[in-house]
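Report on the following structure.
The values are calculated or read from the model by the stated rules, or taken from the named source; none is laboratory data. As the structure is a prediction and not an experimental result, all values here were calculated from the model. Here the Cβ is made from the backbone with ideal geometry for all residues, glycine too, and neighbour counts use every protein chain on show. Areas reflect the complete protein model, heavy atoms only, side chains present, ligands, DNA and RNA absent. Shrake-Rupley method; radii C 1.70, N 1.55, O 1.52, S 1.80 Å.
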Amino acid sequence: MLKTPLITALALGTATLATTGQAQAADLTISCGAVGAELTLCEEGVRAWEEATGHRVDIVSTPNSSTERLSLYQQILSANSRDIDVFQIDVIWPGLLANHLLDLREALGDEAGEGHFEAIVENNTVDGRLVAMPWFTDAGVLYYRADLLEQHGHEPPETWEQLTEIAREIQAAEREAGNSRMHGFVFQGRAYEGLTVNALEWVASHGGGSVVEPDGEISINNAQAAAALDLAASWVGEIAPSGVLNYTEEEARGVFQGGNAVFMRNWPYAWALSQSDGSEVRGKVGVTQLPAGGDGTSAAGLGGWNLAVSRYSENPELAADLVAFLTGHEEQKRRAIAGAYNPTLAALYEDEEVLEAVPFFGELYDTFVNAVARPSAVTGDAYGRVSNAFFSAAHDVLSGSRSGEQAVADLERELSRVKRRNW
């Protein structure tokens, strides 16, 4: 099993993997995982399939940023490259990449997708073709230092305003006690797809809509959305470090797991890492749903990843078999227990071993099932431009270069121009 960085391969030319001696000896190449536990779990799953089948697979690591990963995938697929057989794709990408992907029902049979969450199977079905198999689902959750909240007499916050006040109070107390590096709240503030999800959660939880509604209406220009962005901007440099403007999931996790944040917004994968040997916060962490805004309700952004087979693969049936194995019951159960990756198979949320390893899977089941989707389906091929415009506007507000009111008004005009041409 050879591991090759995708960026390195592309820098040398799309033919690099196909002409490498080790790559020629492999039957398949899969692009899955970026760093850390995600990549390790993929390697372990691939190794199990290799042992069961006798085939060899090369693993290509990818950028951690989903925005950069999509750009690289589009470059490879647009070239009709045969270098990569199996791609790990974001829940918002099936419509963007469908023309380059195999119909998995043709390779695996009509029963492909049975037992998985129906909404994800439908999301991955484009023009009647199942172009990706659900691998794990995601929804944003709030991590908190249970020990610090108990010490200072607080319950987990139910609103963003409560979070702001509790974070400010405990941050001040901890710094006075000697931890000058303590921050109240960390999240994903870099200008990338992760900020689209965070900002959508803020806006939706304030009753400000989902940027573009399912009927295609652009809804972002409203007072609730502006207020949500302004509130988030007030955190930067106060309860959140100024560096949060360049945080992805891993930077936020590093601060929280190092014992230097009271609250963190992240995905469920961070649970297992926070409880690992060497974690500064092992046994001190709680997980709950994200806060509500004002008169709104909690809103968790829908995430998750799927596995797809390239139409240009030289071994499509073998690649589909690898996908079926990695997305199957036993492998999803292993990943849930070892890495707290949310299964897409409903039966695993009733599995005692899974719930023992990750108790909040049961407690927050409704959060995962009812997560708020990004407007990728309605905007289709234009979603990349929609998301870029949204996270850029949100980043401008966080950095103080625009007010929430100005940003949502400007964003409405920009999205209107995109809509005239695309949806």
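A few points about this structure:
- The chain, relative contact order in percent, only Cα pairs under 8 angstrom and at least six apart counted: 23 percent
- Under 11 Å, Cβ to Cβ, from Ala132 - net charge with Lys/Arg +1 and Asp/Glu -1: -1
- Highest-first arrangement of 108-119, 298-309, 49-60, where packing means the average Cβ count within 10 Å: 298-309, 49-60, 108-119
- Residues Asp295, Asp410, Asp215, ordered by accessible area of protein heavy atoms at a 1.4 angstrom probe radius and largest first, appear as Asp295, Asp215, Asp410.
- For the chain, modelled as a GNM whose springs connect Cα atoms under 10 angstrom apart, the maximal fluctuation among Arg311, Arg175, Arg105 occurs at Arg175.
- Averaging 1/r over each pair of different alpha-carbon atoms in the chain and inverting the result gives 22.1 Å, the Kirkwood hydrodynamic radius.
- Between the helical axis of 66-78 and the longest alpha-carbon principal axis of the chain there is an angle of about 20 degrees.
- Each other residue within a Cβ distance under 14 Å of Ala382 adds +1 if Lys or Arg and -1 if Asp or Glu, for a net charge of +4.
- Nearest-10 value in Å² for the accessible area of Ile337, using the 1.4 Å probe: 70 Å²
- In a reduced charge model with +1 at each Lys and Arg Cβ and -1 at each Asp and Glu Cβ, the chain shows a dipole moment near 1400 debye about its Cα centre.
- In the chain, the DSSP beta bridges split such that about 60 percent are antiparallel, to the nearest 5.
- Here the Gaussian network model covers the chain, with springs between Cα atoms less than 10 Å apart; of Pro157, Pro359, Pro241, Pro359 fluctuates the most.
- Shape of segment 283-361, Cα gyration tensor, a/c cut at 1.5: oblate
- Among Gly153, Gly194, Gly254, the largest mean-square fluctuation in a Gaussian network model of the chain, built with springs joining Cα atoms closer than 10 Å, belongs to Gly153.
- The chain: angle of helix 329-339 to the longest principal axis, Cα-based, in degrees nearest 10: 40 degrees
- Contact order normalised by residue count of segment 223-375, Cα under 8 Å, 6+ apart, percent: 19 percent
- Neighbours of Gly259, meaning other residues whose beta-carbon lies under 9 angstrom from its beta-carbon, give a summed charge of +2 when Lys and Arg score +1 and Asp and Glu score -1.
- Angle between the chain longest axis and helix 404-422 axis [Cα atoms, degrees, rounded to 10]: 30 degrees
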